[in-house]
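The values are calculated or read from the model by the stated rules, or taken from the named source; none is laboratory data. The model shown is predicted, which means the values in this text are computed figures rather than measured ones. Cβ: placed from backbone, ideal geometry, glycine included. Neighbour counts: every protein chain shown. Areas reflect the complete protein model, heavy atoms only, side chains present, ligands, DNA and RNA absent. Shrake-Rupley method; radii C 1.70, N 1.55, O 1.52, S 1.80 Å.
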Amino acid sequence: RQVVWGTVAQGLVRVGFGCNQDCGMCWQDRDWGRFPPSQVLRWIEDLRAAGVRRLIISGGEPMLDASLDSYIRRAVELGFKEVTLETNAIQCAKPGLAERLRDAGLSLAFVSMHSADPEVSDRITRAPGTHARTVRGVHALIQAGVPVKFNAVMSG
């Protein structure tokens, strides 16, 4: 966990480093694993106790953590004004998941998009077919009423 200072202090919690893509430019090692839910919840509580009012939940891919809903819900209970999820949105295409995240209190999805071209995107992520799944996940988030911003990933 860390506090990210800017015009407004935000807390950042990484729930783990596993991912359903394997982007060549990513600094994270897929073997680093995940943190136990009790630790993630403790970090969220620590950030709120430090006065942070906006939370970013990240990873790896945080949607691979089965406890994600409980992290969002706890952040809202603690009084975070905004909870942002950094994600590739692949899992959001699963029926009902986007609605579950919205109902837990998710404020915003910050979605990594590697290219508008599916072939280029899948080559960068080394995960064939995930561009289409990201697009479906984004549509599901929007339909559920979760605002989406894009992280236009640049690579050379």
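Looking only at residues in region 98-128 that are over 13 Å from the mean Cα position of the chain (by Cα) and aliphatic (A, V, I, L, M), which one is farthest from Leu68 (Cα to Cα)?
Top of the filtered list is Val120.
Considering only residues that are among the hydroxyl-bearing types (Ser, Thr, Tyr) and without any contact (Cβ under 8 Å) to a residue 60 or more places away in the chain, look in region 88-133 and name the one that is nearest to Asn151 (Cα to Cα).
Ser112
For the list (1) in contact with a helix residue (DSSP H, G or I) (Cβ under 7 Å, 6 or more places away or on another chain); (2) among the aromatic types (Phe, Trp, Tyr); (3) outside any helix (DSSP H, G or I), I need the number of the one condition that Tyr71 fails.
If we test Tyr71 against (1) in contact with a helix residue (DSSP H, G or I) (Cβ under 7 Å, 6 or more places away or on another chain); (2) among the aromatic types (Phe, Trp, Tyr); (3) outside any helix (DSSP H, G or I), just (3) comes out false.
Of all residues in region 6-21 being closer than 12 Å to Arg53 by Cβ and assigned to a loop (DSSP other than H, G, I, E, B), which is most open to solvent (accessible area, probe 1.4 Å)?
Filtering region 6-21 for residues that are closer than 12 Å to Arg53 by Cβ and assigned to a loop (DSSP other than H, G, I, E, B), the one most open to solvent (accessible area, probe 1.4 Å) comes out as Val8.
Would you please name the residue that is modelled with the lowest pLDDT, looking only at residues in region 125-156 that are more than 20 Å from Val83 (Cα to Cα) and in contact with a Ser or Thr (Cβ under 6 Å, 6 or more places away or on another chain)?
Val153
Which residue out of Val3, Val52 is over 19 Å from Asn151 (Cα atoms) and surrounded by fewer than 18 Cβ atoms within 10 Å (Cβ to Cβ)?
When all the criteria are applied, what remains is Val3.
Would you tally the residues in region 33-67 being among the β-branched types (Val, Ile, Thr) and farther than 15 Å from Leu106 by Cβ?
2
Would you tally the residues in region 98-149 being open to solvent by 70 Å² or more (accessible area, probe 1.4 Å), assigned to a helix (DSSP H, G or I) and closer than 18 Å to Ile56 by Cβ?
Number of matching residues: 1.
Condition first: of a type in the set (Phe, Trp, Tyr), modelled with pLDDT under 95 and on the phi < 0 side of the Ramachandran plot. Can you find one or more residues in region 34-53 that meet it?
Yes, region 34-53 contains at least one residue that is of a type in the set (Phe, Trp, Tyr), modelled with pLDDT under 95 and on the phi < 0 side of the Ramachandran plot.
Collect the residues in region 66-119 that are within 18 Å of Asp46 (Cα to Cα) and touching an Asp or Glu at 6+ places or on another chain (Cβ under 7 Å), keeping them in residue-number order.
The answer is Leu78, and nothing else.
What are the residues in region 49-68 that are assigned to a loop (DSSP other than H, G, I, E, B) and either under 25 Å from Gly6 (Cβ atoms) or of a type in the set (Lys, Arg) (or both), if any?
Of everything in region 49-68, those that are assigned to a loop (DSSP other than H, G, I, E, B) and either under 25 Å from Gly6 (Cβ atoms) or of a type in the set (Lys, Arg) (or both) turn out to be Ala50, Gly51, Val52, Arg53, Gly59, Gly60, Glu61.
State which residue is farthest from Val4 (Cα to Cα) when the search covers only region 82-97 and only residues that are open to solvent by 10 Å² or more (accessible area, probe 1.4 Å), at pLDDT 95 or above and out of contact with any strand residue (DSSP E or B) (no Cβ under 6 Å at 6 or more places or on another chain).
Here the residue is Pro95.
Can Leu64 be described as surrounded by 14 or more Cβ atoms within 10 Å (Cβ to Cβ), over 26 Å from Ala127 (Cα atoms) and modelled with pLDDT of 90 or more?
no
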